[in-house]
1. At 0.36 nm per residue, minus the direct Cα-Cα distance, what do residue 209 and residue 64 gain on full extension? Give it in nm, one decimal, please.
2. Along the Cα→Cβ direction, 7 angstrom out, place labels at residue 48 and residue 422. What is the inter-label distance in nm?
3. Simple spin-label model, 7 Å along Cα-to-Cβ: residue 72 to residue 480 in nm?
4. Sort 515, 57 by Cβ crowding within 10 Å, fewest neighbours at the top.
5. Pop the C-beta distance of residue 437 and residue 399 into the FRET formula with R0 = 25 Å and round what comes out to the nearest 0.05.
6. Using 0.36 nm times the number of residues separating residue 374 and residue 554, minus their current alpha carbon distance, what extension gain do you get?
7. For residue 148, project a label point 7 Å along Cα to C-beta. Then give me every residue of the stretch 188-221 with its amide nitrogen under 18 Å of that point.
8. What does the extension gain come out to for residue 495 and residue 221, with contour length at 0.36 nm per residue minus their alpha carbon separation?
Amino acid sequence: MTRCLRSLLLRSTWDVDVHKQVTNLHCKDDKMRELSGKYSFTHPGKLEAMKKSVEEEFARCFWSGDVDHAKEELRESLRELVIWERNTIWRDMLQSERRVNAVVAKKAGQGIKRYWMPSLKPVPVFVSVIMFLIVLLASPALFDLLPNISHYHPANVYAAQRSLSLVVLVSFLWATEAVPLYVTALAVPALSVILNVYVTENGKRLMLSGDAAKLAVSAMCSSTILLIIGGYSIASALSKYALDKTVAMYVLAKAGQPSQVLLLLMLLAVFLSMWISNVATPVLLNSIMLPIVQGFSAHSLPFVKCLLLGIALASNIGGMGTPIASPQNAIALSALEGMQQVSFLQWTAISVPLMLLMVILGHGLLMFWFRPGKFALPIIPSHVEAFTAPHYLILGTVAVTISLWCWKPAVAIAGSEGIIACLPILVFYGSGLLSKEDFNNLPWNVIMLVAGGVSLGSAVEASKLLRIVGGAISQSMSGASLWMVTTVFSCFIFIVSSATSHTVSAIIILPLLAEIGAGIGHPRLMVMGGALACSCAMALPVSSFPNTAAVSVENELGKQYLQPSDIVKLGVQMTVICASVLISFGFGIMYLMGF
C-alpha cells in the first residue's frame with residue numbers, strides 16, 4: 001500500500017511538471033503542498049476495515065444485506081466516477097492549454113495550414129454572389145409591382161433595392177458559413193456603404209459615404225454589445241472560480257434522466273429570460289451547461305447538441321415573457337403610447353400559457369430528433385468547495401447586476417441594460433479577479449457577429465426597406481378579416497426577423513401595426529401579436545442572440561459543437577411550430593381578453 005501511494009505521488013509530480021511545460025502555468029509548488037497535506041493510509045488493515053464497513057452499510061441500506069451485489073454496484077459506480085473525473089480534468093487541461101497558446105504569437109510558418117484558404121467554401125460563396133446579383137438586377141422590376149411604390153422618392157426606392165440585395169447576400173453567407181460568420185459580419189458596414197443603402201432622414205437623397213460610414217460603424221458599438229460583453233464577463237468569472245461547475249453538478253444530480261436535464265434547462269432559460277433578458281440568459285446557462293458535458297464521452301455529442309439547442313430555443317421563447325424580457329417588447333409598449341396600453345399582468349397572462357406550450361412542443365421536437373434517453377448520465381461526484389472572498393464578491397456582483405436589470409427605475413436611470421452590464425466588467429477586471437488574458441479570451445468572434453447583425457439592421461432601417469414592403473402589404477390587405485391581417489403580418493415578421501434581427505423588425509414594423517390596428521379597432525392585438533412574432537423567429541444563427549451564442553460554444557479543442565446547419569434545421573421547424581401556436585392559440589387568447 002505504501003509503495004502504491006508513493007507511485008501515485010510520483011505520478012502526480014510528473015503530471016504537474018508536464019502540465020507546466022505545456023501550458024507555461026507554474027502550479028507545481030502549490031500542488032505539491034496540497035498533496036503533502038493530505039492524510040494517507042499506511043496500514044492496509046485499517047483501509048480494508050473501512051472499505052468493508054462501507055460495503056456492509058451499503059448492502060444493509062440498498063441490497064437487504066446482500067454484500068456481493070453491493071460490492072458489484074459500488075465497484076461499477078467507482079469506475080464511472082473515475083471516468084467522469086478523468087475526462088473532466090483532462091479536458092480542463094486541454095482547454096487551458098488552448099487558451100494559453102492562443103495568446104502567444106507564432107513565428108511565420110509555424111502552425112499555419114499549407115493549403116490555400118482553408119476557411120473559404122468556394123461553392124457557397126459562388127451561390128451567395130449569384131443570388132445577390134439576381135436580386136440586385138431583378139429588384140427594380142419587383143418594386144414596380146408594389147402598389148405604394150409611387151409614394152416614395154426614387155432615391156429611397158434605389159436604396160431599398162440595394163438593401164434587399166445586401167440582406168440576401170449576407171443571409172446566404174451566414175446560413176451556409178461560406179466564410180467564418182464573424183468575417184461576414186465585419187463586411188456588413190463596408191458593403192452597406194459601398195451599395196449606398198443609407199438615405200437622408202427625408203428619404204430624398206442618398207447619404208454621403210462619410211456620413212453613411214459613421215452610422216454603419218457606430219451601430220456596431222451599441223448598448224447590446226456592452227450587455228453581451230458584461231454577460232460573457234460574468235460567465236468567465238463563474239467558470240474561473242468553478243462556481244459554474246458547482247451549480248452544474250447540483251442541477252445534474254437533481255435532474256436524474258437526460259430528458260429531465262433538457263426540460264430543466266429549457267424551463268430555467270424561459271424563466272431567466274423573462275427577468276434578465278434573453279441576451280444574458282443563454283450566456284449564463286451555457287456556462288453552467290459546459291461543465292456538465294465535459295465529462296461525457298465522444299459518442300454523447302448529439303446530447304450536447306440537444307442541450308445547446310434547447311437553451312437557445314427556450315431563451316428565444318422566454319423573450320416574449322414580460323415587457324422587460326426583450327427589446328421588441330419595450331418597443332411594442334412604446335408603439336402603443338397614446339392608445340390602449342397593455343399592463344404587466346395582461347402581458348404575462350397572455351405570454352406564459354403560450355411559452356409553456358411552446359417549450360413543451362420544443363422539448364418534444366428535440367426528443368424526437370436526438371433521442372436523449374439513449375444516453376446514460378454518469379455518476380455525478382458531490383464536491384463541497386470552500387467559499388472564499390472572491391466567490392462572495394462574484395456572487396454578490398452577479399446578484400446586484402441581475403437585480404438592476406430587473407428593476408425598471410434602475411434601467412431608466414442608467415439608460416439601458418448595457419450600461420448596467422458595465423458593473424461586472426468594472427468589478428471583475430478592476431479588482432483583478434479576471435486578468436487581461438481573461439479579457440482577451442472572451443469570444444470576440446461572437447461579439448463581432450452580433451455587432452454585424454446590428455449594423456445590418458441599421459442599414460435596413462435607414463433604407464426604409466421594411467416600411468416600403470410593410471406599407472405595400474397593408475394596402476393590399478384592406479378589407480381582410482382581423483385574423484387574416486394578423487396572420488399575414490406575423491408571417492412577414494417571421495421572415496424579416498429571421499433574416500435581420502428581432503429588434504430591427506420591431507422598430508420598423510410595430511409602429512406600422514399600431515396604425516393598422518387603430519384603423520380596425522384592435523391596436524393592442526396587432527402590436528402585441530407582432531412583438532410575440534419577433535420572438536418566434538429563430539431560423540438562422542443570426543436571427544437572435546441565443547442562436548448566435550449556441551453556435552459559438554466550443555469544446556476544449558476549440559471546435560464548435562453546433563454548425564449553422566443545425567440551427568437552421570431545428571430553427572425553421574421551431575419557427576413554424578411557434579408561428580402556428582401564436583396565430584391560433586395566441587390570437588384566441590388576445591381576442592377573448594378584448595385586445
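Laboratory data are not the source of any read-out in this text; all were calculated from the coordinates shown. Computed from a prediction, not measured in an experiment: that's the story for all the values here. Because the Cβ atoms are built from the backbone with ideal geometry, glycine has one as well, and the counts that use them run over all protein chains shown.
1. Gain in length upon complete extension: 44.0 nm.
2. Here the modelled spin labels are 6.9 nm apart.
3. For the pair residue 72/residue 480, the computed spacing is 6.7 nm.
4. Numbers: 515 15, 57 11.
Fewest to most other Cβ atoms nearby, the residues stand as 57, 515.
5. Numbers: r = 26 Å, r/R0 = 1.05.
Calculated value: 0.45.
6. On the way: separation 180, 0.36 × 180 = 64.80 nm, distance 2.35 nm.
Computed gain between residue 374 and residue 554 is 62.4 nm.
7. Under 18 Å, as judged by backbone N against the label point of residue 148, lie 202-204 of the stretch 188-221.
8. On the way: separation 274, 0.36 × 274 = 98.64 nm, distance 2.56 nm.
The residue 495-residue 221 span can extend by a further 96.1 nm.
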